[in-house]
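To start, the structure under review is shown below, and the notes come after it.
The values are calculated or read from the model by the stated rules, or taken from the named source; none is laboratory data. Keep in mind it's a predicted model, so treat the numbers as computed, not measured. Note that we place each Cβ from the backbone using ideal geometry, even for glycine, and neighbour counts take in every protein chain shown. Protein only, heavy atoms only, side chains kept; ligands, DNA and RNA dropped before computing areas. Shrake-Rupley method; radii C 1.70, N 1.55, O 1.52, S 1.80 Å.
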Amino acid sequence: MGFVTVEHVSQKYGKRPILDNVSLEVAEGAFISIVGASGCGKSTFLRLLLDQERPTRGEIRVDGIPLQGEPNRSRGIVFQRYSTFPHMTVRDNLVAAEGLGANLLGILPRARRQSARARANAALERIGLAHVADQYPATLSGGMQQRLAIAQALAAKPRILLLDEPFGALDPGTRERMHDFLQDLRAETNMTVFMVTHDLSEAFKLGDRVLAFDKVRWDPQFPDAYGATITYDFDARDGGIPYQILKEDTYVLDPAGS
Amino acid sequence: MRWINKTPGRPFALFLTVLPFVLLMIIYAMGSDARRAANPADKLLPPPSQLVDTAARLVSEPDRRSGEILFWKDTASSLRRLAIGVGLAASLGLAFGLLIGLLPVAHAGLNSFVAVISMVPPLAILPILFIVFGLGELSKVALITIGITPFLIRDLSARTAELPSEQIIKAQTLGASSLAIALRVALPQILPRLIQAVRLSLGPAWLFLIAAEAIASEDGLGYRIFLVRRYLAMDVILTYVAWITLIAFVLDWCLARLSRRLFPWAEAA
């Protein structure tokens, strides 16, 4: 059985179906890239995994336990923007990753503050932000802000990391460096990662599996009639070659007859 | 070149800034001159020289009966009422603004109520305040607080609700409780907005203060203005009005400075 299990999940906003009968098994430590056209439910799927929303039907289990109804420390998130706290310095953003959950008030006890600051400094050194530790995130470039956001999410040591188009607003060079950064981090932890992206090459480069979301039924008179589901599930190790296995219930002709 | 693209140089901009003030003074002096040419005993527009004399007398000469300098006593009384009233309103506005902005339960329970209450004209309930709280300090402070609290609550709850949901969710994934999110994520980001909202509500606060003092008081800037009105002492009234204007302007300026000093990150964003 997989680490993350998604069973027959459907999501509707009002009468409008977004996701339709999505099922998925993911092993611990896998990197899952999620691609698809705009408005086909990729981000909705991520919100369901985060437990920011409840599915109208179906169930999601992590390590055999159903989601509890709200986000928690087991699943970290990095959004395209607004992921860091603008009123805290770069270092305090990392300290807050430990402090916010330390107690009811979200304030780290003095005894632990020193060690948390030391860990934050070490992390900043690693991600190359030590020289801006006392600045506010708004003064940083987009790539630096995303590095900080990822480091902040990782400082809480989540078992699952969710990335919602994390590099979408970055220029190609910065994006390349962020890929290396993310791959380094992955090599050190056994985190399960879900990444939504619009960039196919990025999806295949980073992911172990690439899931494509699309609508399998389409009503030209009423485009909103049907929701999307996973239409392809590529094995993307070694850049997806030669492991491209068509999912059994795909609606595309299966030339290999497998 | 379009007018929207024409920017004045620095000296010209400074000239334009000073111009309306100078114009106002010139018009006043001319008006005063004209009236005094027709009637040397005119009290309506005292000449600028008399205004300066009156101001000098007001700030330095003690009252013959009490021995106190009334000008400073009035200023102290009015500022105390203003500070208590606005301070109370700011605390209430901050607390309820955060509650309504963050908690769906509080939003459902209070948002419409505050929206309706904020439509009650505060001056219309001033008699009720006098009846309930008496004619002492409490009713004046209560009028200021009641007058500006609904605005502060509405503004701050809207600003709290406008915080990017990404931040609130991020805080949850870092394990923060509701209280921790309120104190460590929402509150620090709302404080600059609070200062902004207080700056905007200082105008109405002065209005309510002077109205309350005019009707029932024993001292205060508003009280004095309405007292000397009986003797048509325009020189005193104008001095007090100028003084109130100056205080209000300095308060506003200080709050703006304070906000920039305390919340440098708000400037960077």
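Residues of the range A:52-61 being hydroxyl-bearing (Ser, Thr, Tyr) and either open to solvent by less than 30 Å² (accessible area, probe 1.4 Å) or within 14 Å of chain B (Cβ to nearest Cβ) (or both), which ones?
Let us first name the residues in the range A:52-61 that are hydroxyl-bearing (Ser, Thr, Tyr), namely A:56.
Passing the criteria: none in range.
Within the range A:5-51, which residues are part of a strand (DSSP E or B), buried (at least 21 other Cβ atoms within 10 Å of the Cβ) and either among the aromatic types (Phe, Trp, Tyr) or under 13 Å from the mean Cα position of the chain (by Cα) (or both)?
Correct list: A:31, A:32, A:33, A:34, A:35.
Can you tell me which residue in the range B:184-194 is nearest to the chain's Cα centre (by Cα), limited to those that are facing chain A (nearest Cβ under 7 Å) and crowded, with 18+ Cβ neighbours inside 10 Å?
Residues of the range B:184-194 facing chain A (nearest Cβ under 7 Å): B:184-185, B:188-189.
Keeping just the survivors that are crowded, with 18+ Cβ neighbours inside 10 Å gives B:184-185, B:189.
Working: B:184: 29, B:185: 28, B:189: 23 Å.
Ranking the candidates gives B:189 first.
In the range A:131-153, which residue that is open to solvent by less than 40 Å² (accessible area, probe 1.4 Å) and over 22 Å from the mean Cα position of the chain (by Cα) is farthest from the other protein chains (Cβ to nearest Cβ)?
Looking at the filtered set, the residue picked out is A:133.
Does residue A:200 satisfy the criteria of being closer than 23 Å to residue A:62 by Cα, aliphatic (A, V, I, L, M) and within 17 Å of the chain's Cα centre (by Cα)?
Values: closer than 23 Å to residue A:62 by Cα: no; aliphatic (A, V, I, L, M): yes; within 17 Å of the chain's Cα centre (by Cα): yes.
Judged against the criteria, residue A:200 is not a match.
Let me confirm something: among B:197, B:268, which residue is modelled with pLDDT of 95 or more and either within 14 Å of another protein chain (Cβ to nearest Cβ) or more than 29 Å from residue B:73 (Cβ to Cβ) (or both)?
Exactly one residue qualifies, and that residue is B:197.
Within the range A:93-124, which residues are over 23 Å from the mean Cα position of the chain (by Cα), closer than 18 Å to residue B:176 by Cβ and of a type outside the set (Val, Ile, Thr)?
Those that are over 23 Å from the mean Cα position of the chain (by Cα), closer than 18 Å to residue B:176 by Cβ and of a type outside the set (Val, Ile, Thr): A:102, A:103, A:104, A:105, A:106, A:108, A:109, A:112, A:113, A:116.
Specify which of the listed residues (B:221, B:262, B:246, B:232) is out of contact with any Ser or Thr (no Cβ under 8 Å at 6 or more places or on another chain), in contact (Cβ under 8 Å) with a residue 12 or more places away in the chain, more than 14 Å from chain A (Cβ to nearest Cβ) and not basic (Lys, Arg). Before you say what the answer is, go through the steps one by one.
Values: B:221 fails: out of contact with any Ser or Thr (no Cβ under 8 Å at 6 or more places or on another chain); B:262 fails: more than 14 Å from chain A (Cβ to nearest Cβ); B:246 fails: in contact (Cβ under 8 Å) with a residue 12 or more places away in the chain.
Of the residues listed, the single one that is out of contact with any Ser or Thr (no Cβ under 8 Å at 6 or more places or on another chain), in contact (Cβ under 8 Å) with a residue 12 or more places away in the chain, more than 14 Å from chain A (Cβ to nearest Cβ) and not basic (Lys, Arg) is B:232.
Just to be sure before I move on: is residue A:97 within 10 Å of chain B (Cβ to nearest Cβ), closer than 17 Å to residue A:78 by Cα, assigned to a helix (DSSP H, G or I) and touching a Leu at 6+ places or on another chain (Cβ under 9 Å) in the structure I sent? Full working, then the answer.
Details: within 10 Å of chain B (Cβ to nearest Cβ): yes; closer than 17 Å to residue A:78 by Cα: yes; assigned to a helix (DSSP H, G or I): yes; touching a Leu at 6+ places or on another chain (Cβ under 9 Å): yes.
It is true that residue A:97 is within 10 Å of chain B (Cβ to nearest Cβ), closer than 17 Å to residue A:78 by Cα, assigned to a helix (DSSP H, G or I) and touching a Leu at 6+ places or on another chain (Cβ under 9 Å).
I want to confirm something. Restricting to the range B:32-44 and keeping residues that are at pLDDT below 90 and closer than 14 Å to residue B:234 by Cα, which single residue is least open to solvent (accessible area, probe 1.4 Å)? Walk me through how you get there before you give the answer.
So the first thing to find is which residues in the range B:32-44 are at pLDDT below 90, and the list is B:40-44.
Still in the running and closer than 14 Å to residue B:234 by Cα: B:41-44.
On the way: B:41: 76, B:42: 17, B:43: 105, B:44: 73 Å².
Result: B:42.
Among residues belonging to the range B:150-170 that are surrounded by 24 or more Cβ atoms within 10 Å (Cβ to Cβ) and among the hydrophobic types (A, V, I, L, M, F, W, C), point out the one that is nearest to the other protein chains (Cβ to nearest Cβ).
B:156
Are there any pairs with C-beta distances below 9 angstrom linking a residue in the range A:62-81 that is facing another protein chain (nearest Cβ under 7 Å) and among the hydrophobic types (A, V, I, L, M, F, W, C) to a residue that is outside any strand (DSSP E or B) and surrounded by fewer than 18 Cβ atoms within 10 Å (Cβ to Cβ), with the two at least 6 apart or on different chains, and if so which?
Sorted first by the residue in the range A:62-81, then by its partner, the pairs are A:79/B:164.
Out of A:122, A:169, A:118, I need the residue that is in a loop (DSSP other than H, G, I, E, B), more than 8 Å from chain B (Cβ to nearest Cβ), surrounded by fewer than 18 Cβ atoms within 10 Å (Cβ to Cβ) and not basic (Lys, Arg). Which one?
Working: A:122 fails: in a loop (DSSP other than H, G, I, E, B); A:118 fails: in a loop (DSSP other than H, G, I, E, B).
Testing whether each residue is in a loop (DSSP other than H, G, I, E, B), more than 8 Å from chain B (Cβ to nearest Cβ), surrounded by fewer than 18 Cβ atoms within 10 Å (Cβ to Cβ) and not basic (Lys, Arg) leaves just A:169.
Among (1) open to solvent by 80 Å² or more (accessible area, probe 1.4 Å); (2) in contact with a Gly (Cβ under 7 Å, 6 or more places away or on another chain), which single condition is residue B:104 missing?
Here residue B:104 clears every test but (2).
Restricting the range B:247-263 to residues that are among the aromatic types (Phe, Trp, Tyr) and assigned to a helix (DSSP H, G or I), which is farthest from residue A:88 (Cα to Cα)?
First pass over the range B:247-263, keeping only residues among the aromatic types (Phe, Trp, Tyr): B:249, B:253, B:263.
Now restrict to residues that are assigned to a helix (DSSP H, G or I): B:249, B:253.
On the way: B:249: 31, B:253: 26 Å.
Going through the qualifying residues, I end up with B:249.
Table: residues versus (1) under 20 Å from the mean Cα position of the chain (by Cα); (2) closer than 15 Å to residue B:97 by Cα.
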site	(1), (2)
B:112	no, yes
B:116	no, no
B:121	yes, no
B:126	yes, no
B:129	no, no
B:132	no, no
B:137	yes, no
B:141	yes, no
B:152	yes, yes
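I need the full set of residues from the range A:180-202 which are closer than 27 Å to residue B:172 by Cα and open to solvent by less than 10 Å² (accessible area, probe 1.4 Å), in order please. Let's see the steps before the verdict.
Pass one, the range A:180-202, residues closer than 27 Å to residue B:172 by Cα: A:181-198.
Within the range A:180-202, A:182, A:192, A:193, A:194, A:195, A:196, A:197 meet the criteria.
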